[in-house]
C-alpha cells in the first residue's frame, strides 16, 4: 500500500513539474481519484536473463513517453513496453525500480520515437491477445494494426545450443471497429473491397511485394481502401 501511494505521488510530481497549468493538474488529480490503481504495485523483474537479447519492443532502454488513462493524456512519463508478457512498465524513482502498470486502466502509450500502442478488443480466434496492446499504423475508416510479441528461439550451432528472443509480428485490419487478421494474399483485395487490377498497378508502381515489404504493401492497400470509401 505504501509503495502504491509513493508511486502515484511520483507520477503527480512529474506532471506538476512539466505542466504548471492549474487546469491540467486538476485533471490529473481527478484521474487519480477515479482510478487510484494505475499500476499493480508490483516490481518488474526480468525473468529470462539466460536468453540473448531482451523482451522489450525496439530497445531495452526506458525512455520518456506519453501515457493515456481514460482519455487523459500525460506526457514525459517514463514508459517501456515489454512484449513477452504484454506489459506496460514505468519507473519509480522512490524505489529505483521498474513497476508494472495496470493494463486495465491504460488506453495506450506513445513511445519516445512516436510509436503508438493502443488497447484493442480481442480479435476472433487470436490466442496471443494477452493485455490487448497493438501498434497503430493507420487509423481510419479502415485501420491497420500490428501485434508484437517475443518468444524463445532456439538455434543449434556446431559448438553449443544458442537461446535467444525471437520477435513475431501479426497484422490486422480494423473494419467496422473490429480487428480482423490479415488473410491470405488472394483474399485481401475482396476483404478491403478493392479492384485487384488497379490496386496491383499501384503496388507495382511503388515496387512493393507482399513477402518483402509486407507492412508497406498493406499500408498502400489500406490507403486505397480509405480513398475508395
Return the residue satisfying two criteria in turn: it lies in region 175-191 and is farther than 16 Å from residue 146 by Cβ and part of a loop (DSSP other than H, G, I, E, B), and of such residues it is nearest to the chain's Cα centre (by Cα).
177
Somewhere in region 193-210, is a residue in contact (Cβ under 8 Å) with a residue 60 or more places away in the chain and over 22 Å from the mean Cα position of the chain (by Cα)?
no
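Residues that are more than 23 Å from residue 47 (Cα to Cα) and touching a strand residue (DSSP E or B) at 6+ places or on another chain (Cβ under 6 Å): does region 97-105 have at least one?
In the first step, residues of region 97-105 are kept if they are more than 23 Å from residue 47 (Cα to Cα); the result is 105.
Add one more test, that the residue is touching a strand residue (DSSP E or B) at 6+ places or on another chain (Cβ under 6 Å), and what stays is 105.
For region 97-105, residues more than 23 Å from residue 47 (Cα to Cα) and touching a strand residue (DSSP E or B) at 6+ places or on another chain (Cβ under 6 Å): present.
Here is a list: 226, 213, 206. Which entry is in contact with a strand residue (DSSP E or B) (Cβ under 6 Å, 6 or more places away or on another chain), farther than 22 Å from residue 125 by Cβ and not assigned by TED's automatic domain parsing to the domain that holds residue 122? Show your work before the answer.
Details: 213 fails: in contact with a strand residue (DSSP E or B) (Cβ under 6 Å, 6 or more places away or on another chain); 206 fails: in contact with a strand residue (DSSP E or B) (Cβ under 6 Å, 6 or more places away or on another chain).
Exactly one of 226, 213, 206 is in contact with a strand residue (DSSP E or B) (Cβ under 6 Å, 6 or more places away or on another chain), farther than 22 Å from residue 125 by Cβ and not assigned by TED's automatic domain parsing to the domain that holds residue 122, namely 226.
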Consider region 202-216. How many of its residues are surrounded by fewer than 11 Cβ atoms within 10 Å (Cβ to Cβ) and not in a loop (DSSP other than H, G, I, E, B)?
2
Does residue 179 satisfy being at pLDDT 95 or above, surrounded by 18 or more Cβ atoms within 10 Å (Cβ to Cβ) and touching a strand residue (DSSP E or B) at 6+ places or on another chain (Cβ under 6 Å)?
yes
Yes or no: region 52-60 includes at least one residue that is more than 19 Å from residue 114 (Cα to Cα), exposed (fewer than 12 other Cβ atoms within 10 Å of the Cβ) and either at pLDDT 85 or above or in contact with a strand residue (DSSP E or B) (Cβ under 9 Å, 6 or more places away or on another chain) (or both).
yes
Residues to consider are 105, 153; find the one that is crowded, with 17+ Cβ neighbours inside 10 Å, over 13 Å from the mean Cα position of the chain (by Cα) and modelled with pLDDT under 95.
105
Which one of the conditions (1) part of a loop (DSSP other than H, G, I, E, B); (2) surrounded by fewer than 17 Cβ atoms within 10 Å (Cβ to Cβ) does residue 194 fail to meet, given that it meets all the rest?
(2)
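The values are calculated or read from the model by the stated rules, or taken from the named source; none is laboratory data. Note that this is a predicted model, so its numbers are computed, not measured. Because the Cβ atoms are built from the backbone with ideal geometry, glycine has one as well, and the counts that use them run over all protein chains shown.
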